[in-house]
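Here's the structure, in C-alpha cells; my notes come after.
None of the figures in this text is laboratory data; all of them are computed from the coordinates on show. Note that the coordinates shown come from a computational prediction; the quantities given were computed from them, not determined experimentally. Backbone-built Cβ (ideal geometry, glycine too); neighbour counts: all protein chains shown.
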Amino acid sequence: MRLPEVKKHYGKLKFLIGGEWVDSTSANIEPDLNPATGEVIAEFPQATKEEATAAVEAAHQAFQAWKNVPLRERAYMLFTMHSKFRESTDMLCRVLVQDHGRTIEEAKGTLARVLENIESACSAAYGLVKENAGIMNLASGIDEYLFWEPVGAFLIVTPGKMAVDALGIKPEAAENYGKAAIVGEAGEREHAAAILHPKLGTPFRSAVGGGKSLIPSAKKVGSMGTEIDVPLNYKDAAFVRSHFDAMAVRVPDAPRADEIVVALVVTDCGRPHPRIGGLKMSEAKKEDGLR
C-alpha cells in the first residue's frame, strides 16, 4: 500500500538564519529526489559564501544571549520540542518515507531514536551536576556546584546500534550484517581497512546481539556520490545460503577528498523467497561461524 504524501512538492528550500527563513541567492540548485519513484520533491540551494558566513555570525550572536538563559528555561524548551515531535510523528514518518525511500517501520524507528535523543538531552539538563560540573544560572541568580568522583563503566553508542534502532527490532532479531567504507580521493584503501578491521567488529557484534561469523566487508576509493555494495551474510553461520546478499549504499555529497564514508548494514531476514538450496538458518549449528 502506498502511503499518502504529505506534499507532492515542497518547493525550493530555505535557510534558517538568525531565527528567520531566508531565500537563498545561490545559482547552484540541486534536486531532492524521492528514491522510490525518482520524482523531484524539492530543490535545495548550495549556500553562497555570504550566506554561510551570515549563518555562522548569527549563531555566534545567538550564543551570547543563549549562554545566559537559565537551565530551567532551556529544559522547558527541550520538553516542548519533545512534545512537538510526538504530536507530528505520523507526518514526519511519511516525509521520511518520501524523502529517504524507507519503509514506514524504518521511519518510525528513526523517529523513535530522535525522541530518545531529546529525552537524553532533557535528562542531561538536570544531570550535569552528577558529572563533576557546576551549573551556572540554574535559575535567575542561582548557581550550583557538586564535586563527585565517578567510578564505573561508560556507554558508547555504536553506529551498529543505530542501524538496529532504525529497523525497530531488538538486537537479537538481527540476522544479516556487513560493513564497507569509501575513502576520498586523497586517501587509499588501507585507510578504510584501518577503520573496518582492527576494532569495529566487537562493538558491531555487540550492537546486533552477538555474531560468530566474520563480518563481510568491502572498500574502495571514490569521489562524492560513489556507490558501494555492502556484502551481507548470516551473523552466526556464514554458509547459510539464503542470507547471501548485498545492499547498495551511496551518499550524494560524500566522501570529499579528505573524508571516509563508513556504512554498517543490518537486516532482520535473508533474501525474499530464497530457493537455491544449501544450508538453512534453522539447520545451522552456529558453533564455528561457518555452519
Relative contact order as a percentage, the chain, C-alpha pairs under 8 Å and 6+ apart, gives 14 percent
For the stretch 21-34, in residue order, the Karplus 3J(HN,Hα) values (coefficients 6.51, -1.76, 1.60; θ = phi - 60°; whole Hz; Gly and Pro = x) are 7, 10, 6, 7, 9, 5, 8, 8, 10, 10, x, 9, 9, 6
Ignoring chymotrypsin sites (Phe, Trp or Tyr not before Pro) buried by more than 11 other Cβ within 10 Å or outside DSSP loops, the longest site-free run in the chain is 1-144
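Please compute the net charge surrounding Ile17, taking Lys and Arg as +1 and Asp and Glu as -1 over other residues with Cβ under 14 Å from its Cβ.
Working: positive: Lys14, Lys49; negative: Glu20, Asp23, Glu50, Glu51, Glu57.
Its environment carries a net charge of -3.
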For Ala42, the residues 5 or more places away or on another chain with a placed amide H closer than 5 Å to its own amide H are Tyr10, Asp32
For Lys170, counting only lysines whose alpha-carbon sits under 17 Å away and dropping same-chain residues fewer than eight positions off, the answer is Lys108, Lys161, Lys235
Computed ³J(HN,Hα) along the stretch 69-75: with the Karplus parameters 6.51/-1.76/1.60, θ = phi - 60°, integer Hz and x for glycine or proline, the list is 6, x, 4, 4, 5, 5, 4
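As a footprinting exposure proxy, order Cys93, Cys269, Cys122 by other Cβ within 10 Å, with the fewest listed first. Before the final figure, lay out each step's value.
On the way: Cys93 22, Cys269 14, Cys122 18.
Sorted ascending by nearby Cβ count, the order is Cys269, Cys122, Cys93.
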P(r) of the stretch 159-283 over all Cα-Cα pairs, 10 Å bins starting at 0, rounded to whole percent, reads 14, 42, 32, 11, 1
Computed curve, the chain, Cα-only Debye sum without solvent term, log₁₀ I(q)/I(0) at 0.10, 0.11, 0.15 Å⁻¹, is -0.78, -0.94, -1.41
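Helix-only mean residue ellipticity at 222 nm, the chain, DSSP H runs n ≥ 4 weighted -39,500 (n - 2.57), per residue, nearest 500. What is it?
On the way: 7 runs with 95 residues, N = 291.
Rounded to the nearest 500, the figure is -10500 deg cm²/dmol.
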Given backbone amide H placed at 1.01 Å from N, residues whose amide H is under 5 Å from that of Asp245, ignoring those fewer than 5 places away on the same chain, are Leu232
Scalar couplings 3J(HN,Hα) for the stretch 232-243 by Karplus 6.51 cos²θ - 1.76 cosθ + 1.60 (θ = phi - 60°), nearest whole Hz, x for Gly and Pro, are 10, 8, 4, 5, 10, 7, 5, 8, 5, 5, 5, 10
Between Thr25 and Met247, the two model label points (7 Å from Cα along the beta-carbon direction) sit apart by a distance in nm of 4.3 nm
